[in-house]
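Here's the structure, in structure tokens; my notes come after.
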Number of protein chains: 4
Amino acid sequence: MSQKTLADLNACSKDEFVAELANIFEYSPWIAEQAAASRPFAGVQQLFDAMKSAVDRASPELRLALIKAHPDLANKTQRAAGLTVESSYEQNSLGLDRLSDAEYEAFERANNAYRARFGFPYIVCARRQTKDSVLRDFDRRLTNDASAEMQKSIGEVCRIAALRLDLLVVSEDRLKVHGRLSTHVLDTHSGRPAPGIAIELVELSELGTSRVVTRTVTNADGRTDQPLIGGRPVPIGRYELQFSVGRYFADRGVALSDPPFLDQIPLRFSVSEPEGHLHVPLLVTPWSYATYRGS
Amino acid sequence: MSQKTLADLNACSKDEFVAELANIFEYSPWIAEQAAASRPFAGVQQLFDAMKSAVDRASPELRLALIKAHPDLANKTQRAAGLTVESSYEQNSLGLDRLSDAEYEAFERANNAYRARFGFPYIVCARRQTKDSVLRDFDRRLTNDASAEMQKSIGEVCRIAALRLDLLVVSEDRLKVHGRLSTHVLDTHSGRPAPGIAIELVELSELGTSRVVTRTVTNADGRTDQPLIGGRPVPIGRYELQFSVGRYFADRGVALSDPPFLDQIPLRFSVSEPEGHLHVPLLVTPWSYATYRGS
Amino acid sequence: MSQKTLADLNACSKDEFVAELANIFEYSPWIAEQAAASRPFAGVQQLFDAMKSAVDRASPELRLALIKAHPDLANKTQRAAGLTVESSYEQNSLGLDRLSDAEYEAFERANNAYRARFGFPYIVCARRQTKDSVLRDFDRRLTNDASAEMQKSIGEVCRIAALRLDLLVVSEDRLKVHGRLSTHVLDTHSGRPAPGIAIELVELSELGTSRVVTRTVTNADGRTDQPLIGGRPVPIGRYELQFSVGRYFADRGVALSDPPFLDQIPLRFSVSEPEGHLHVPLLVTPWSYATYRGS
Amino acid sequence: MSQKTLADLNACSKDEFVAELANIFEYSPWIAEQAAASRPFAGVQQLFDAMKSAVDRASPELRLALIKAHPDLANKTQRAAGLTVESSYEQNSLGLDRLSDAEYEAFERANNAYRARFGFPYIVCARRQTKDSVLRDFDRRLTNDASAEMQKSIGEVCRIAALRLDLLVVSEDRLKVHGRLSTHVLDTHSGRPAPGIAIELVELSELGTSRVVTRTVTNADGRTDQPLIGGRPVPIGRYELQFSVGRYFADRGVALSDPPFLDQIPLRFSVSEPEGHLHVPLLVTPWSYATYRGS
């Protein structure tokens, strides 16, 4: 599927419009169909609002059908039969295509419990989550009543749709669906930003194996050229940032103990706002360090 | 073997004196025999100095014999045949009685390379080391020449002897063979020491599995009732201290994100001076923390 | 007046006992007289409790007389006529014997307003206060009703008495009337305590001139040999600690900017609990520093 | 004098060009005259380089004359007779138009000692200095030999010229003559930037009275809308930043001691690089704070 400009979507025939946006809401072209009447749109946010209005106006039966149109998370049978391109991409972002056996079982158990309780599939906007946060989310939502859970599911459906729309449509405005995770290393031994520090960002998992999200190196300003995570939601979850400060100070000829008091520094923290900007800096000498949630 | 007072050792017969101290230096009663002439001793430090003088005065042949009297580290055949009580205790403190296969092989390879190069067994004061630090020590000492390495080995023999003497003899003075590792948690959110924080001290290992050294909880003063490590050398090596701060702040009703930005905080550091006092405090709010090598 | 042991006070005649303690409560020997009946005392705390009980049992008229037995704070006429030794010592600790004209006027205004409102002199335990805190205390207490203010005054009378008793009587136990202010300088550039740092503690004053409380130098452990304030209450008030770190780092040959980024570091804080232990450490490199309320 | 575009200066007659730039170097139009030959200039940096080349090429006599064309600093007689607009502006930026008597005397003494030693006036780029730093600069330069001091003086003359040129000429490129001083307040008690904190920046003076440089308030991002100092060199000197954190936390209903442990926080530091960016942030809770030289 290739990107479309908002201008194209405003100008094309209604059929084309519906075809292009048919899967913004999973297997539910009726939403695009209703939104088509509101053309032209001044921006992608306005387009999204029109589609969301169609969902909000829909009957309970239709809303339930919308929910049921979504696949289970990590369902092997469904994956074998084929998901939409979008669902496949989203589930893979969570690592659902490479689960360990223990993880697979945990997801299957959670899916079954959820279906048994509510009669419809569990839906979550996978790109805002990690495996751990999804399993915690299952636990909480299982305590909801059916009506609250329908509402919650529609909310997640809309988040999924917003991210799909953001990928598909080129517009001057942007939907507020992205977050950012950044860092900065200040060498308070020399009073300068610390360049050349190797950094690794790891997504921690209680259940299975942790996963390296990115490896990078600080630039002359002690920052990274690219944000650690950017241009997408920062998934809710636990992370560890590791900074190779031992080598940095050794390379500068600073007198160190043997082995150095500080070598690989781990900062462990959680992300709770996928659309926010989270800044996790490191202030460091060979003998001390500090971090804080910055901005 | 039961402890002796210095007064007893000053008063007993020479034969008894030598029998009691025969194994302070592994299988080398001649050292106690020479030291006996200097009785009475004003303190255990003076006793140790007399024994060390005997070693210093000894001929190269005798010093080599002293070195060769020691067993290999982690040698299964020798362990099966039986070590001295002291050697067994010392090697076990390093975890040499429960090595993984990979670790066992690494030690065997190192022992063999060392023996092939120097013709005598590798000796290190095991109670001042971790498995990782011993393997690094092997690597370095393999680059020594034979004479420097003899000198180094005698130094380690004396460290072993000092720790044995400290265990055996009750005296008003103490040999300076112990170190201390301590911590302190300051809650800078409320401006008070943080009580009730669960702490875990882990010895890290590159080769094999990491090992929990101790689990404890902070007291009303934010400290631990006992030092994390005390009354013995603090083994050279890499460690991680973990503090359960998420639960601490949640229990106090502090507003947190979900999941909390900080939950389990790891401080990773190395010990380089087994006889020193290393203080590793944590200053913490729900959104920031700092540590430093204190005193 | 010379110190007495508790044993002496337990053993002497009733007249001697009353004579010795006549001025523990200003010009009010009847309190000692009543307490005498409870001899012998196991400790000075028990003695104080007996005296305080006499005050608590006294009639409103007697309690008012006790209050009125005290001089005004900073009243020149009364000072000229002569205060008790104790009152003189206490008022001088506040610096009331060397007020500027502006300060003198502020105290006179406050005393007059207080007397006009309540009909008895304002009493405060001067050794727990600074000039600034007394003037703030005046403002607050002027909003009390007469009954609450009587109660408050008796409380201050008892605090004064406790400090006088602590000075007079030598006993194995101590009244809890002293606090402590301490500091500690950690050089996180070298990972060591910082010795030889010149420190100045200044009591700040909004009204008049600030006053140097003490000048000292850090010892080998980065601490001061004596607490900055100890063996007495730490007066409620605002303070500034100044640390000469520029010279310290320059003396150690650390590369600095010119002029050095940090030279004289001021830490400004307030004391609110005169009987507590307040620890105000400094963690410092040539380019950064931190402080916190420690313990 | 009104600003000129570089295009205008490239296009105008030589006489006009020289007239416009006659005072870039104090009373020395010959420099502009020589530079005119290199027109057109691609940028203001190139124009400055051309003028500086003229100075570098000049004979020792001419260079001395250039130095002597400058007025003394803080010379009352010369001020009464009238300075160039530029000199007047520059000297006033240092506060030389409002010296205390003690300051005036210190400057006169320094000027006289300098003239007696070198036979030409002391020149310094005043906009890069504070009164204190100038007096220290006098002391140092008095130890130079005449040749080094000529060289140093010409360097300062060129710095003055660059700042004058930057004011006069509008070009797409900019001379690197400006610095920046900024701050940022992070509330690590709530994990957010701290808005609404009153800040005062004071230039400290050992000799005379300190001077408020700016008063401002932090914005929603914990920063200030404008840099504390920007669009000009940051004068070499000692400063104190004061942050009203007591009121900030009280306004948010945070439980504080009475009086609050921290109320007005002073950060005292020196500036050494007038053209650099100096960032001095504050990380603060009601019970702790930290700062560092950031970037």
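The values are calculated or read from the model by the stated rules, or taken from the named source; none is laboratory data. Small disclaimer: the values here were computed from a predicted structure and weren't measured. Because the Cβ atoms are built from the backbone with ideal geometry, glycine has one as well, and the counts that use them run over all protein chains shown. Please note that ligands, DNA and RNA were not included when accessible areas were found on the heavy atoms of the full protein model with its side chains. Shrake-Rupley method; radii C 1.70, N 1.55, O 1.52, S 1.80 Å.
Just to be sure I understand, how many residues within the range A:83-101 are in contact (Cβ under 8 Å) with a residue 12 or more places away in the chain and open to solvent by less than 60 Å² (accessible area, probe 1.4 Å)?
From the range A:83-101, those in contact (Cβ under 8 Å) with a residue 12 or more places away in the chain are A:83-87, A:90-91, A:93-97, A:99-100; that's our starting set.
Filter once more, so that each one left must be open to solvent by less than 60 Å² (accessible area, probe 1.4 Å): A:83-84, A:86-87, A:90-91, A:93-96, A:99-100.
Within the range A:83-101, residues that are in contact (Cβ under 8 Å) with a residue 12 or more places away in the chain and open to solvent by less than 60 Å² (accessible area, probe 1.4 Å) number 12.
For residues in the range B:236-290 being among the hydroxyl-bearing types (S, T, Y) and under 24 Å from the mean Cα position of the chain (by Cα), which is farthest from the other protein chains (Cβ to nearest Cβ)?
B:Y239
Limited to the range D:143-195, what total is found for residues that are assigned to a strand (DSSP E or B) and either open to solvent by 20 Å² or more (accessible area, probe 1.4 Å) or touching a Ser or Thr at 6+ places or on another chain (Cβ under 8 Å) (or both)? Walk me through how you get there before you give the answer.
Residues of the range D:143-195 assigned to a strand (DSSP E or B): D:169-170, D:179-182, D:185-187, D:192-193.
Those still in the list that are either open to solvent by 20 Å² or more (accessible area, probe 1.4 Å) or touching a Ser or Thr at 6+ places or on another chain (Cβ under 8 Å) (or both) too: D:169-170, D:180, D:182, D:185-187, D:192-193.
Number satisfying all stated conditions: 9.
Which of the residues belonging to the range C:216-235 are under 19 Å from C:G179 (Cα atoms) and not polar (S, T, N, Q)?
Correct list: C:R223, C:D225, C:P227, C:L228, C:I229, C:G230, C:G231, C:R232, C:P233, C:V234, C:P235.
Here's the yes/no breakdown for (1) under 17 Å from B:G155 (Cα atoms); (2) without any contact (Cβ under 8 Å) to a residue 40 or more places away in the chain; (3) in contact with a helix residue (DSSP H, G or I) (Cβ under 8 Å, 6 or more places away or on another chain); (4) of a type in the set (V, I, T):
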| residue | (1), (2), (3), (4) |
| --- | --- |
| B:S13 | no, yes, no, no |
| B:E20 | no, no, yes, no |
| B:P40 | no, yes, yes, no |
| B:G43 | no, no, yes, no |
| B:K68 | yes, no, no, no |
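Please count how many residues of the range B:180-230 are more than 18 Å from the chain's Cα centre (by Cα) and modelled with pLDDT under 95. Working first, answer last.
Here is the first cut: in the range B:180-230, the ones more than 18 Å from the chain's Cα centre (by Cα) are B:183-200, B:206-209, B:215-225.
After this cut, where a residue has to be modelled with pLDDT under 95 as well, the list is B:206-209.
The qualifying residues number 4.
If B:D221 meets every condition in (1) within 13 Å of another protein chain (Cβ to nearest Cβ); (2) in contact (Cβ under 8 Å) with a residue 40 or more places away in the chain apart from one, which number is that one?
Result: B:D221 fails condition (2) only.
Among the residues of the range B:24-31, are any under 20 Å from B:G119 (Cβ atoms), assigned by TED's automatic domain parsing to the domain that holds B:S147 and open to solvent by 40 Å² or more (accessible area, probe 1.4 Å)?
yes
May I ask you to list the residues in the range B:4-51 that are within 27 Å of the chain's Cα centre (by Cα) and hydroxyl-bearing (S, T, Y)?
If the condition is that a residue be within 27 Å of the chain's Cα centre (by Cα) and hydroxyl-bearing (S, T, Y), then B:T5, B:Y27, B:S28 are the ones that fit.
Which of the residues belonging to the range B:131-142 are of a type in the set (D, E, K, R) and either in contact with an Asp or Glu (Cβ under 6 Å, 6 or more places away or on another chain) or open to solvent by less than 40 Å² (accessible area, probe 1.4 Å) (or both)?
Quick first cut of the range B:131-142, residues of a type in the set (D, E, K, R) only: B:131-132, B:136-137, B:139-141.
Those that are of a type in the set (D, E, K, R) and either in contact with an Asp or Glu (Cβ under 6 Å, 6 or more places away or on another chain) or open to solvent by less than 40 Å² (accessible area, probe 1.4 Å) (or both): B:K131, B:D132, B:D137, B:R141.
Specify the residue that is farthest from D:V134 (Cα to Cα); the eligible residues are those in the range D:65-77 that are open to solvent by less than 50 Å² (accessible area, probe 1.4 Å) and not small (G, A, S). If you could, list the steps in order and put the result at the bottom.
Initially, the range D:65-77 is screened for residues open to solvent by less than 50 Å² (accessible area, probe 1.4 Å), giving D:66-67, D:69-75.
When the remaining residues are screened for being not small (G, A, S), the result is D:66-67, D:70-73, D:75.
Details: D:L66: 21, D:I67: 17, D:H70: 16, D:P71: 15, D:D72: 13, D:L73: 10, D:N75: 14 Å.
Restricting to residues being open to solvent by less than 50 Å² (accessible area, probe 1.4 Å) and not small (G, A, S), the top hit is D:L66.
Let's see how each residue does on (1) open to solvent by less than 10 Å² (accessible area, probe 1.4 Å); (2) of a type in the set (S, T, Y); (3) touching a strand residue (DSSP E or B) at 6+ places or on another chain (Cβ under 7 Å); (4) over 18 Å from A:L204 (Cα atoms):
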{"position": "B:V245", "(1), (2), (3), (4)": "yes, no, yes, no"}
{"position": "B:R252", "(1), (2), (3), (4)": "no, no, no, yes"}
{"position": "B:L256", "(1), (2), (3), (4)": "no, no, no, yes"}
{"position": "B:V271", "(1), (2), (3), (4)": "yes, no, yes, yes"}
{"position": "B:G276", "(1), (2), (3), (4)": "no, no, yes, yes"}
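Would you check if A:S295 is outside the structural domain of A:P195 (by TED's automatic domain parsing) and open to solvent by 20 Å² or more (accessible area, probe 1.4 Å)? Before the answer, list the steps.
Details: outside the structural domain of A:P195 (by TED's automatic domain parsing): yes; open to solvent by 20 Å² or more (accessible area, probe 1.4 Å): yes.
Here the answer is yes, as A:S295 does meet what is asked.
With C:R136, C:R115 as the choices, which residue is free of Cβ contacts under 8 Å to residues at least 60 places away in the same chain, within 16 Å of the chain's Cα centre (by Cα) and in a helix (DSSP H, G or I)? Full working, then the answer.
Numbers: C:R115 fails: within 16 Å of the chain's Cα centre (by Cα).
So the residue among C:R136, C:R115 that is free of Cβ contacts under 8 Å to residues at least 60 places away in the same chain, within 16 Å of the chain's Cα centre (by Cα) and in a helix (DSSP H, G or I) is C:R136.
Looking at the range A:50-60, can you tell me whether even one residue there is open to solvent by 20 Å² or more (accessible area, probe 1.4 Å) and at pLDDT below 90?
No - not one qualifying residue is present in the range A:50-60.
So which residues in the range D:111-130 are among the basic types (K, R), open to solvent by less than 60 Å² (accessible area, probe 1.4 Å) and more than 14 Å from chain C (Cβ to nearest Cβ), if there are any at all?
At the first step, the residues of the range D:111-130 found to be among the basic types (K, R) are D:115, D:117, D:127-128.
Pick out the ones that are also open to solvent by less than 60 Å² (accessible area, probe 1.4 Å) and you get D:127-128.
Listed by number, the list holds a single entry, D:R127.
Quick check on this structure: which one of A:L283, A:L228, A:L207 is among the aliphatic types (A, V, I, L, M), open to solvent by 10 Å² or more (accessible area, probe 1.4 Å) and closer than 22 Å to B:L278 by Cα? Step through it out loud before you land on a result.
On the way: A:L228 fails: closer than 22 Å to B:L278 by Cα; A:L207 fails: closer than 22 Å to B:L278 by Cα.
Only one candidate qualifies: A:L283.
Scan the range A:188-195 and give yes if some residue there is under 29 Å from A:L96 (Cα atoms) and more than 9 Å from every other protein chain (Cβ to nearest Cβ), otherwise no. So that I can check it myself, show each step before the final result.
First, the residues of the range A:188-195 that are under 29 Å from A:L96 (Cα atoms): none.
No, because not a single residue in the range A:188-195 is under 29 Å from A:L96 (Cα atoms) and more than 9 Å from every other protein chain (Cβ to nearest Cβ).
Sort out for me the strands (runs of 3 or more DSSP E) sitting completely within the range A:197-295 that have 2 or more residues that are not aliphatic (A, V, I, L, M).
Details: elements: A:198-203, A:211-217, A:229-232, A:237-244, A:264-271, A:277-279, A:282-285, A:288-292.
In the range A:197-295, the matching strands (runs of 3 or more DSSP E) lie at A:198-203, A:211-217, A:229-232, A:237-244, A:264-271, A:277-279, A:288-292.
Conditions: (1) open to solvent by 60 Å² or more (accessible area, probe 1.4 Å); (2) at pLDDT 95 or above; (3) part of a helix (DSSP H, G or I); (4) hydrophobic (A, V, I, L, M, F, W, C). C:A80 meets all but one. Number of the miss?
Evaluating C:A80 over (1) open to solvent by 60 Å² or more (accessible area, probe 1.4 Å); (2) at pLDDT 95 or above; (3) part of a helix (DSSP H, G or I); (4) hydrophobic (A, V, I, L, M, F, W, C) leaves (2) as the failure.
Scan the range A:59-77 for residues that are within 19 Å of A:F138 (Cα to Cα), in a helix (DSSP H, G or I) and of a type in the set (D, E) and report the count.
0
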